[in-house]
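Here is the structure we will look at.
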Amino acid sequence: MSCKPTDVPPASELDIPALREKYRRERDKRIRPEGQKQYERTVGDPEHTYEGDPHQSVEPRAAISEDLDVAVLGAGWSGLLAAFHLRKAGVNNFRNIDHAGDFGGVWYWNRYPGAQCDNDAYCYLPLLEEMGYTPSKKFSDGHEIYEYCQSIARRFELYDKALFHTLITSLQWDEGIQRWRVTTDRGDDIRARFVIMANGLLNIPKLPGIPGIHEFRGKMFHTARWDYEYSGGDNKNPVLDKLADKRVGIIGTGATAIQAVPYLGKYAKQLYVLQRTPPMVDKRDNPPTDPAWQAALGEGWQQERIDNFHRFAIDGPKPAEEDLICDFWTEINRNLSAELAAEGYPEMSIEEYLKRREEMDYRVVERMRRRIDAMIDDRRTAEALKPYFRFNCKRPLSNDDYYDTFNRPNVTLIDVSATQGVECMTETGFVAHGEEYAVDCMIFASGFEVTSDLDRRWGIGTIAGRNGISLYDYWADGYQTLHGMMACNFPNQFYMGFYQGGFNATTTETFNRQAGHIAYIISQVQARGATTVEPEAAAQQAWVSHIRETAIDISELQRECTPSYFNNEGEKQVDSEGKEKYRWYLGEAYGPGWAAFEGLMREWREQGELQGLNIT
C-alpha cells in the first residue's frame, strides 16, 4: 500500500507571520542565560545516576596489565559496529570497554517503562541482513533492542575479551612505546596501539540544577537508572504497582518522558508532569511486522530503506519516489513532494523551494496542535500542551497514549515555562508558581549530556596526545579533524560520532560507515608493518577549511528555536569572525550532504594511498 500525504490545513488558514512571532515569544520565555550550566553533573548523588548500576551488580576482578592492538571505548551501537568491522577487516586483538554491565549502550541503561526506539526499527537496528533478523514491529521495544545488541556480540564473539563495569579514567599517548596508556577505575593499565572513541551520543545522564535538589528526602532517580525495586514491575512487564500509594513528579517532557508518563499516570496515586516546553507528539501506529512483507524482502532491502529514509527526512526525495517509512519523520517532505508532483514539478530557485518547505513545516505543526484540541478534555491543559516551534527545533516524537494520560483525574500538568523550570525543591516536594507540592518520588527525565562541553559528555578526566596536548584544549575553539575521524597530535586515535563529517538520518548508519572506514585504516597500517598513523597538519587544515567553506548556515533556525540540544539550550557562542553560532548535536556536518561525503570516503579508500595521513 503506497504512502499518502497527510491531511494538513492549507496555508491560507494560517497567519504564518503571526505564528513566527508567537514562536519567538514562546522561545524567549524559556531561554535561560546560564545555558548548559542549568544542569548538574550526575556523579554519585543522587544515587544510581552514572557510576552506579541498578540493573546488575559489579563483580570484583583482577586489574589487567597488557599490550593490546585496539581498545574500543564503548559497547553500544558504535562500539558494536567498530568491533564488527574490525573482525571483518581481520583485526582480532581488541577489547570493548564500557562502564555498563553488558553490550547495549543506551539500551542497556534505558529500561524505563514504555521504552521503545522512536524511529523506524527496520532502519535503526544495524546489520539486519547480516544477522538474518527482522524487528518484531516498526518501533521496537527497548528490551528487544538490548537483546539484539547481545546477539550481535555473541555472533561475532565479542564477550570473551569485553571489559564491563569499567570506567576510563585517562588516555595518554606514550611516545616511548608508541601506544596509548588506558587507565581505568579498576586499576587496569592497558597499552593500546589504537584507540577508538566509541562512547556514544547518549552516554552520561544529566540532572537539572534545581535549588534544593539535594534537600529532598523522598526517592529520586533518573530515567536512565530506573528503580523497579521502588516502582514495581520490570521493563518487560511494567506494572508499577508499588506506586499505588505514591505521589510522583516527573521533570522533563522529551523522548523518554512521553513513553514513561502513560505508565506513571496509570499506576501512581498522583502524577505531576512538570513541563517547561511541550513536546511535539504524533500518533505512533506500531503494528507487528507483516510476515508477507518480510518474506518478500530482497537482498539489499535494508540499505534501500535507509537511503529512502534519509532522502525523505533530510535531503528531499527523488521525483515520484515512494516514501517507504511513511511516518511523522518523513511527513514534511512527503507532503511537499506530493504537492510539487501535482503541480508538474515547477522550476524554482533554492530560496523558493525552502520557502515552500517552511510553509509545510508550519502546516504540519498546526495539524499536531489541532490533534491536541481533539484529544484533551481540559482546554487550559490542551493549550499548555501545544508546541509552538519549528519541526526541527526539538526531537519530534510519537506515542499513542501520552495525551490521553492528561485526561486522567490523578494526572496534573504543571507548566513551568514562566519560571523557566521548577523553582526549587524542598524536603518534601517541589515549588511551582509559589505553591509547594508534596511528592514521595521525583523522577528526572532530563536527558543526557549531548551538546555540553566535551569533558562532561565523555566523562574521561585526561585525554593527552603528543607532548601532553589535551584533546579538550585542542578542540576548545572548534573541532580540528581529518574527515571527522582523526586529529593531529593524537596518533592512532579514532572518533565515532558527529564531529566534522557526513551524517545520515539513521544514526547507526553513520556509525556503521565510520566503523568500516576506521577498521580499513587500522588494517592498512598493520599490513604495512607501521606503528603510528596521524593526519598531516596540512591535510587536516584543508579538511577543516573545506568543512567550513561548504557548511550550510543553520544559525538563523537555531536562533529561532526553543532551547534544546538542537541549539545547545540556546547558549550562543561567537566565532573568530564575530559571527554568532550555536553548538549543535551533529557537530560540523558536511554541507554537500551524506551521499557526497560517502563518495569522497569511498574514493579515498579506493585510491589505497591513505592520502593525508602520516604513517611511521
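The values are calculated or read from the model by the stated rules, or taken from the named source; none is laboratory data. No experiment lies behind these values; they were computed from the predicted model shown. Cβ sites come from the backbone with ideal geometry, for glycine too, and all protein chains shown count toward neighbours. For the accessible areas, the whole protein counts, side chains as well, though only heavy atoms, and no ligand, DNA or RNA atoms are used. Shrake-Rupley method; radii C 1.70, N 1.55, O 1.52, S 1.80 Å.
Full extension of the segment from Glu321 to Glu436, taken as 0.36 nm per residue of separation minus the current Cα-Cα distance, would add 35.9 nm. Return the carbon/sulfur percentage of the accessible area of region 316-415, one whole number, probe 1.4 Å, all protein chains in place. Ligands and nucleic acids excluded, carbon and sulfur give 49 percent.
Determine the gain in length on full extension of the stretch Asn410-Tyr133; use 0.36 nm per residue of separation and subtract their C-alpha separation, reporting nm with one decimal.
Fully extending the segment from Asn410 to Tyr133 adds 95.6 nm.
Placing unit charges on the Cβ atoms of the charged side chains and taking the dipole of the chain about its Cα centre, the candidate lying farthest along the positive direction among Tyr388, Asn492, Thr532 is Tyr388. With all protein chains in place and a 1.4 Å probe, the accessible surface of region 53-185 carries 46 percent carbon and sulfur. A quarter of the convex hull surface defined by the alpha-carbon atoms of the chain gives 27.9 nm² as the mean projection.
Its Cα centre serving as origin, region 205-256 has a Cβ charge dipole (Lys and Arg +1, Asp and Glu -1) of approximately 120 debye. For Thr184, the residues whose modelled amide H falls within less than 5 Å of its own, excluding neighbours fewer than 5 places apart on the same chain, are Thr169.
Our summary of shape: the Cα atoms of region 368-472 have principal axis extents of 64, 38, 24 Å, ordered from largest down, in whole angstrom. Name the helices (complete DSSP H segments) of the chain with a Cα length along the long axis of 24 Å or more and a Kyte-Doolittle mean of at least -1.0, or state none. Taking the DSSP H segments of the chain (at least 24 Å long, mean hydropathy at least -1.0), we get 507-527.
Accessible surface computed residue by residue for region 232-365, with neighbouring protein chains in place and a 1.4 Å probe, gives 45 Å² per residue.
Each semi-axis of the equivalent ellipsoid for region 355-418 is √(5λ) with λ an eigenvalue of the Cα gyration tensor; in descending order they amount to 24, 13, 11 Å. Each residue of region 481-495 was assigned a 3J(HN,Hα) from its phi angle through the Karplus curve 6.51 cos²θ - 1.76 cosθ + 1.60 (θ = phi - 60°); the sequence is 9, 10, 6, x, 10, 8, 9, 4, 6, 10, x, 6, 10, 10, 10 Hz, with glycine and proline shown as x. Working from label points 7 Å from Cα in the Cα-to-Cβ sense, the Ala538 to Ser57 distance is 6.1 nm.
Kirkwood hydrodynamic radius of region 317-428, from the reciprocal of the average inverse Cα-Cα distance over all distinct pairs: 17.0 Å. Bridge orientation summary for the chain: considering DSSP beta bridges with both residues in this region, about 45 percent are antiparallel.
Taking amide H as placed 1.01 Å from N in the peptide plane, Tyr133 has no amide H partner under 5 Å among residues 5 or more places away or on another chain. Of the residues Ile145, Phe309, Ala192, the one whose Cα sits farthest towards the positive end of the charge dipole of the chain is Ile145 (charges of +1 on Lys and Arg Cβ, -1 on Asp and Glu Cβ, taken about the Cα centre).
So how strong a dipole does region 139-220 carry about its Cα centre when Lys and Arg Cβ are +1 and Asp and Glu Cβ are -1, to the nearest 20 debye?
That gives region 139-220 a dipole magnitude of about 100 debye.
Considering helices alone, the calculated mean residue ellipticity of the chain at 222 nm is -9000 deg cm²/dmol, with DSSP H runs of length four and up weighted by -39500 (n - 2.57) and normalised per residue. Given the options Leu243, Pro10, Thr405, identify the residue whose Cα lies farthest towards the positive end of the charge dipole of the chain (+1 on Cβ of Lys, Arg; -1 on Cβ of Asp, Glu). It is Leu243. Here the extension length gained between Asn614 and Ile552 equals 19.3 nm, from 0.36 nm per residue of separation less the Cα-Cα distance.
Put the Cα centre of region 518-564 next to the Cα centre of region 334-378 and the gap is 34 Å. Computed from Cα atoms alone, the Kirkwood hydrodynamic radius reported for region 187-330 is 20.0 Å. About its Cα centre, the chain has a charge dipole of approximately 540 debye under the convention of +1 per Lys or Arg Cβ and -1 per Asp or Glu Cβ, with nothing else charged.
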